[in-house]
Structures are given as structure tokens and as C-alpha cells.
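Single-structure report; data block below.
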Amino acid sequence: MNWTVQEGHFDSSLVTANGNKYMIGNGYLGYRGTLEEFGKEQLVAVTLAGLYDKAGDQWREPVNAPNGLFTRLTCNGQPLDVLDAELLAHIQELDIRSAIHKRETVYSISEGETLTFTAERFASADNLHLLAGRFTVRCTQDCRVVIDTGIDGEVWDINGPHLFSRLEQLKQNVLVSSAITGELGITVAVAETAVFSFGEQQMDTPGTMRRISFDALAGKTYEWFKYAAVYTGHDVSEPEAEAEMAARAAEQLGYAGLLETHRQLWEERWSRSDVVIEGDDAAQFALRYSIYQLLIIAPSESEKVSIPARGLSGQVYKGAVFWDTEMFMLPFFLHSDPRVARNLMMYRIHTLNGARRKAAEYGFLGAFYAWESQDTGDDACTLFNVNDVFTGRPMRTYFRDKQVHISADVVHGIWQYVQFTGDDSLLADGGAEVIWECARFFYSYAYYNPVKQRYEILDVTGPDEYHERVNNNAFTNALIKETLDIALRTAELLRQKHPSLYQELSEQFSGGPFLTEVKVMLEHLYVPQPDPDSLIIEQFDRYFSLEEVALADLKSRVLNKQEYWGGGNGLATTTTILKQADVVLMLNLFKHSFTKEVKQANWEFYEPRTEHGSSLSPCIYALVAADIGSPDWGYPYFMRTATVDLTGESKQYVGDFISAAHILRRTAGHGWPRCLASRA
Ligand code: BGC
């Protein structure tokens, strides 16, 4: 069975896309799938999880560390760079079984003579601070080869620069480059060591490059190794010393030993995470590749970071954590690695104060989680997220202010974890407080309608971002109801299992509103239900009165490919066309509360009206199709989901904060094996 993604030739137009596709990582750092000689123009990035910086008044974004694996060759004075040199062959490869990136390039160095350069690298699954590489050169004719290698401090940034006061040191063959971030003054240190058994070495002093020159003999293979370690002031008090030590220790252990341990850890990982599909190699490969994407970004050793919407593929989407994590990624980790699932939920516990600040900012009680969360939990989402292509002006969007479901998504995640693992220590470790603060937020957000005698949730944006500021979004109301219910259950559980903690916390909340109010609101909260005749659940109040237009017809009204369909004036705003699964997502989350008939009726109703403008959408249509026993409806949606990172296909809007870079999309939910098994 194939575990390799491969590019059989070099295509300069694919440099950015391949940077995403061939990425390696270990949850601490992500290393884009760029080639050894590339620099910041080719978007090389060593993106660090959880370390953010703000330059000037631009968006805060994750920090990219200098590239300790940088390597460029010259042969007889001629630079060997895939972008300019004459290539006879080129292969770029990613082994997703062991998370190893490889390239092999055959350069023409004179008439009929060649030089072959190979490079292999991995981001250690054992020591998360470590990158290791093995390189070879072999030529068919004697020639003079020069290798420039070291730490490339010219870092790619979208909103940088972020690293200042750079200090470059050479410490007995270890190059150490350190700098501090502009906003918070956090040190980022990279140490590099290279092991050559040939050639003459010259060092830049001060500098971060070494030059190895030698006369290469035809037919002989020259091999060398590099180890680069990254530490920041978030990790340790002396990042430079720690990085230097780690690079030295890696050199001592040697490449083969490091690789062996790394491979074993990946074997172990796959033994917990693999999903086998019989009889469909394409589906099998795509699913494994999607799982790989999740494994390389999973925070296995830290509960202070979560998974950004675009993983560690660079600074796109501000490195921000969205609801994507709880609603779309968490299920995978619950099934395969509950420790990671716990870390993800602990991140929300650690960022509770940011959520409290946001609630207070809007005049609400409790915790209103950030739509785009970074290190502190304060909202990184701006009020203007998209540009109007016609006027060039930024458009006011209400993602930050009105997607209140985020707090319910967090509660849903915590409860899923507790239910699934039986580990209720998460509640005692702060989970209960989060749940209750979110319930209090919703209590303060809701309106009581005295005529209808019910609580309503007005002025929100549901998952479908094309319809902003709507009333009683079915998804949002259903999740709020769940939050209230969980708040009461949590109280019950704590009362029984952790009575003294229960006592302490209930005193903290004794000023109210607390459980009494939550209970009343739960009993009287309005949640849109299926229509008795059509079985359709209206997405929000008066959705049915919007213009009915076929998706294809709406598309024919598009004047500019990049125009935004939502907002005040968007093409979809006044129609029933939705951006992404909304009611159907609710049916998936609460699959046991709805009959098959209801699920089917709503799938059939909403499916033609859904644009799938977010990759969080096709996966849900696939899951619900499988759930209602129609895997043939689901299969194309499944394949679209599972191949999205391989094809790099996704929608972009002008001025959207995703920049020009292709983005990683990943959504893995369980249910696929069942879906495909019933198809077979
Ligand atoms: C989607 C959101 C999602 C965000 C980050 C947007 O396009 O509409 O639901 O959270 O992307 O993935």
C-alpha cells in the first residue's frame, strides 16, 4: 500500500502549493515542504506553535524561526538551484508513514555529466525541538563542489519582521542564532551543527553560515548530516544554551539512531490512528494523508497550545485557533490519542480569562470565547475581515461579535472529552468553570420573549457566515441548549465526585446568575424544530422567506471571482444559499435526537443550497449521508474532504487574511470506515 506523496518533476508554479503539501512537523513546529536551497521568497517557514508577535498595527501572527537546515550547492562555480539550474531529473517525496521529506535532484554540470543531490529531513517525534537532515552528493565527473549551509535568518513573514537584536555565535562548531520578538521580547534560538567527513570548512564569523569546499571525485558519494534545534523563551529560561546542547546531543546520538526512534514513534502513532479502507486505494491514501496532516500538528506535549485552523503551515489565518478544533478535529484525537484531546481542551481552560475579557468588553457575563484565539485567548479576529473587490474598501463582518456559538462549541468539546474518556478530572482542572462561565454568558446574551414565553437567541451568526446577524439560528440555539444542560450535569457530577471543589466554585458563582437561572432558561429556551409536514428545520427566523435561487444561477451573477458572497451586500445574503453546513451540522452533532426521516429531508433540502465555501462543509454532508444509509451521496463529499490538502483547492476572497498562499484544510471525523464499509 502506498504511503508516499510524490512530485516527479520540478514545477516552479507549484512551489507554494507544495510547501503545504509536503509539510513535516511535530506539533511544536511545522516545516513547510520547501527545498533545501529555498529562502523566504519561496515561503520557507519553520512555524512555531503558540508563539505570536505583532508588528506595528498589523495582525498578530505566529513567529517563524530561522531555517537551520538551509543548504545550497555550487559546482565548478555554477550555483545549483532548482529555480535556475538545468535539471535532468527531480523528485520531491513525503513519506507519510514516518513523516520524512526527501528530494533527489539530478543537475547537468557539463555536456553529459551530472551531479545528483539528495536530501532527507524530519522533525523529530521524540525531541520536538529537533530537525535532522541527511544529504548526499555524487557526480559523474570530477568537479569542485561548494556547500553553503547553516541557519538562514532571512525569515518569511506576512506581517513581520518579528525577530530583532539578532545575536550570531559560533560555539565549537555549533552555530547559534538568537533574536527576540518585537512585541513581547521572547527569545527564539536556533542552533545548528553539521557533520562532514570531507572538505575544508570555513565559517562566517560572526555569521550563521559554513562553507565546505572539496574536489569531488567522479562516482563517489559524499554524505553529511545536519542537526538543528529550536528553543524559545516560552520553553526554557536559556533558549540559546538549550538549543546548543540539543544540537550537540543530536550529533552525539547520530542520524541513524535519531531516525530509528522517530520511525518507531510514528509506527506507534499509526497503530493508534490508522483507518483501513478495503477496496478503494484512492480513498485509503487520501484518508491516511488527512490523518498525517492531523498527526504533524497535534500538540502532544503542551496543553498551552491548540491546533490553528491552518495547522502549522505558516502564518496564514493568523495561526489562530477557531471552532474547527473542537467540532472537526477533536473527534479524531478522542479516538486515537486522548492525551492530545485533553491538551486541546486544557488550552481552552488556560484561555478562559481571555474569554471573560471578551464577554465583559461586549457587556455580557461569563465567557465569550475568541472567534480567533491565540496565546492569551483574547480575540485576534478583526472587525473587517474581507475586502470589497468593487470599492477596495474593507467590509465590516460580524464573525468576532456574533458567532457566539464558539462558547458552546468549547463546552461541547469538553463534554465530549469527559463522556468519551470517562476522565472527569478535566472538569476539576478548570473544565467546570469554563462550562459554567459559558452558560452564564448565554444567560446574559439571551432575550426573554414575554409574549411567546420563551428565551430566544437574537442577533447571531451561525456556521453559515453568509447570513450574519440572524435570529434563532437552529444550530446556535441547539448548542446553547446543550451548554445549559451540560452546566447542570457538571454540577451534579461535581457535587457527587468532588464535593469540596463544588462547594468552592458554587461560592464563587453565588452572586448568580448560576444554576437556578440556567435551569429556568433551559426549560424555556426556544430551539427551532422540524416542520411537522416538510420535516425541514428552518436555519433561522425568516430564512424561508429569502429568495430561492439555484446555486448555478447565483454563480452566474458573480461579477468578480473573488467577491465576497456574504456581508451586508453579498450575493448570497438575500438568498437561501448558504456557505457551509449549518442545520446539517446540527443533525450530525445530535444524531440521536433526530429521526432518519428528518435527517434525510434536511440533507436533501439544504444540500442543493450549500455552496461549500468552507472545507468544514463537505465532510459534514458526507457524514450525515453515511448516517442515513446513503453512502453513495456521501462518497463524493468524503473524497472532496479527504483530498483537499492534496489538491490545495479552496476558495479565497480578496483581502481575506489567508494571503496568497495555498492553505491547508483538514477535517477528520470518524464515521468514514462505516460509511465506506456499507458502500462496499
Ligand atoms: C469558515 C469558518 C471557519 C474558518 C476557519 C471560514 O471560512 O466559514 O467556519 O472557522 O474559515 O477555518
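The values are calculated or read from the model by the stated rules, or taken from the named source; none is laboratory data. Because the structure is a prediction, the values reported are computed rather than measured. A quick note on method: Cβ atoms are made from the backbone with ideal geometry, for glycine too, and the neighbour counts reach across all protein chains shown. What goes into the accessible areas is simple: the full protein's heavy atoms, side chains included, and nothing from ligands, DNA or RNA. Shrake-Rupley method; radii C 1.70, N 1.55, O 1.52, S 1.80 Å.
Divide by every residue of the chain the summed helix terms, -39500 (n - 2.57) for each DSSP H run of at least 4, and state the resulting mean residue ellipticity at 222 nm, rounded to the nearest 500 deg cm²/dmol.
Values: 20 runs with 223 residues, N = 680.
Calculated mean residue ellipticity at 222 nm is -10000 deg cm²/dmol.
Using the Cα atoms of the range 534-619 to build a convex hull, what is its mean projected area in square nanometres?
Numbers: hull surface 24.3 nm².
The directionally averaged projection comes out at 6.1 nm².
Return the carbon/sulfur percentage of the accessible area of the range 185-311, one whole number, probe 1.4 Å, all protein chains in place.
Details: 2470 of 5280 Å².
Using a 1.4 Å probe with all protein chains present, the range 185-311 comes out at 47 percent carbon and sulfur.
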> Which distance in Å, rounded to a whole number, links the C-alpha centroids of the range 401-428 and the range 142-216?
Replying inline: 44
>> Kirkwood Rh and Cα-based Rg: tell me the resulting Rg over Rh for the range 164-274, rounded to two decimals.
In response: 1.07
> Using the C-alpha atoms of the chain, what convex hull volume per residue, in cubic angstrom, is computed?
Replying inline: 168
> About its Cα centre, what dipole magnitude does the range 307-396 give when the only charges are +1 on Lys and Arg Cβ and -1 on Asp and Glu Cβ, stated in debye to the nearest 20?
Replying inline: 80
> Percent of accessible area on the range 356-398 owned by carbon and sulfur, 1.4 Å probe?
Replying inline: 56
> Around residue 515, what is the net charge, scoring Lys/Arg as +1 and Asp/Glu as -1 over all other residues with Cβ under 14 Å from its Cβ?
Replying inline: -3
> Using a 1.4 angstrom probe and counting only protein chains, how large is the accessible area of residue 388 in Å², to 10?
Replying inline: 40
>> Taking the Cα centroid of the range 23-66 and of the range 298-343, what is the distance between the two, rounded to the nearest whole Å?
In response: 17
>> For 350, 467, give me the order by solvent-accessible area with a 1.4 Å probe, most accessible first, ignoring ligands, DNA and RNA.
In response: 350, 467
> Put +1 on the Cβ of every Lys and Arg and -1 on every Asp and Glu Cβ in the range 338-433; which of 389, 374, 349 then has its Cα farthest towards the positive end of the dipole?
Replying inline: 389
> Can you pull the accessible area of residue 555 for me, 1.4 Å probe, Å² to the nearest 10?
Replying inline: 110
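Shape verdict for the range 308-403, please, from the Cα gyration tensor: rounded (a/c under 1.5), prolate (a/b greater than b/c) or oblate. The partial results should precede the final answer.
On the way: a/c = 2.55, a/b = 1.39, b/c = 1.84.
Judged from the Cα gyration tensor, the range 308-403 comes out oblate (a/c at least 1.5, b/c at or above a/b).
Give the range of the longest stretch in the chain that excludes all GluC sites (Glu not before Pro) found in loop regions by DSSP and having at most 14 other beta-carbon atoms within 10 Å. Before the final figure, lay out each step's value.
Details: sites that count: 86, 111, 154, 183, 278, 301, 548, 649.
For GluC sites (Glu not before Pro) (loop position, at most 14 other Cβ atoms within 10 Å), the longest site-free span of the chain is 302-547.
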>> Could you give each residue of the range 395-409 its phi-based ³J(HN,Hα) in whole Hz, using Karplus coefficients 6.51, -1.76, 1.60 with θ = phi - 60°, and x for Gly or Pro?
In response: 9, 6, 10, 10, 4, 5, 7, 10, 7, 5, 4, 3, 5, 6, 5
> Gap in Å between the Cα centre of the range 218-258 and the Cα centre of the range 546-571?
Replying inline: 53
> For all pairs of alpha-carbon atoms in the range 1-89, what percent lies in each bin of width 10 Å, listed from the first bin to the last filled one?
Replying inline: 14, 39, 32, 13, 3
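Which order do 214, 594 take when ranked by solvent-accessible area (1.4 Å probe, heavy atoms of all protein chains), largest first? Could the numbers behind the result be given before it?
Details: 214 10, 594 40 Å².
The ranking, largest first, comes out as 594, 214.
Keeping the other protein chains in place, figure out the carbon and sulfur percent of the accessible area of the range 443-506, with a 1.4 Å probe.
Summing carbon and sulfur atoms, their accessible area is 46 percent of the total for the range 443-506.
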>> With +1 on the Cβ of every Lys and Arg and -1 on the Cβ of every Asp and Glu, and nothing else charged, how large is the dipole of the range 3-108 about its Cα centre, in debye rounded to the nearest 20?
In response: 380
> Percent relative contact order of the chain, based on C-alpha pairs within less than 8 angstrom and at least six residues apart?
Replying inline: 11
> Using +1 on the beta carbon of Lys and Arg, -1 on that of Asp and Glu, and nothing else charged, what's the dipole of the range 475-568 about the Cα centre, debye to 20?
Replying inline: 340
> What residues qualify as long-range amide H neighbours of residue 150, i.e. H under 5 Å apart, gap of 5 or more or another chain, H built at 1.01 Å from N?
Replying inline: 70, 210
> For the chain, with the dipole built from +1 on Lys and Arg beta-carbon atoms and -1 on Asp and Glu ones, taken about the Cα centre, which of 177, 82, 500 lies farthest toward the positive end?
Replying inline: 500
>> Going by amide H atoms built from the backbone, whose H comes under 5 Å of the H on residue 540, apart from near neighbours?
In response: 474
> What spacing in nm lies between the two simple spin-label points modelled at residue 497 and residue 195, each 7 Å away from Cα in the Cβ direction?
Replying inline: 4.8
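What is the local net charge at residue 162, summed over the other residues whose Cβ is closer than 9 Å to its Cβ (Lys, Arg +1; Asp, Glu -1)? Don't skip to the end; give the middle numbers.
Values: positive: 54; negative: 53, 61, 157, 183.
Here the charged neighbours net out to -3.
Take every Cα pair under 8 Å in the range 317-371 that's 6+ residues apart, average their separations, divide by the length, and report that relative contact order as a whole percent. Can you show the working numbers first?
On the way: 36 pairs, mean separation 15.4, N = 55.
Taking the mean separation of contacting Cα pairs over the length of the range 317-371, I get 28 percent.
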> Can you put 592, 162, 9 in order of accessible area, largest first, using a 1.4 Å probe?
Replying inline: 592, 9, 162
> Toward the positive end of the charge dipole of the range 1-134, about the Cα centre and with charges on Cβ (Lys, Arg +1; Asp, Glu -1), which of 49, 19, 73 goes farthest?
Replying inline: 49
> Non-local amide H neighbours of residue 610 (under 5 Å, H modeled in plane, Pro and chain starts lacking H): which ones?
Replying inline: 578
> What does the accessible area per residue of the chain come to in Å², with a 1.4 Å probe and no ligands, DNA or RNA counted?
Replying inline: 37
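Quick one: grab the alpha carbon gyration tensor of the range 498-644, order the square roots of its eigenvalues as a ≥ b ≥ c, and give me rounded if a/c is under 1.5, else prolate or oblate depending on whether a/b is larger than b/c.
On the way: a/c = 2.02, a/b = 1.72, b/c = 1.18.
Taking the square roots of the gyration eigenvalues as a ≥ b ≥ c, the range 498-644 is prolate.
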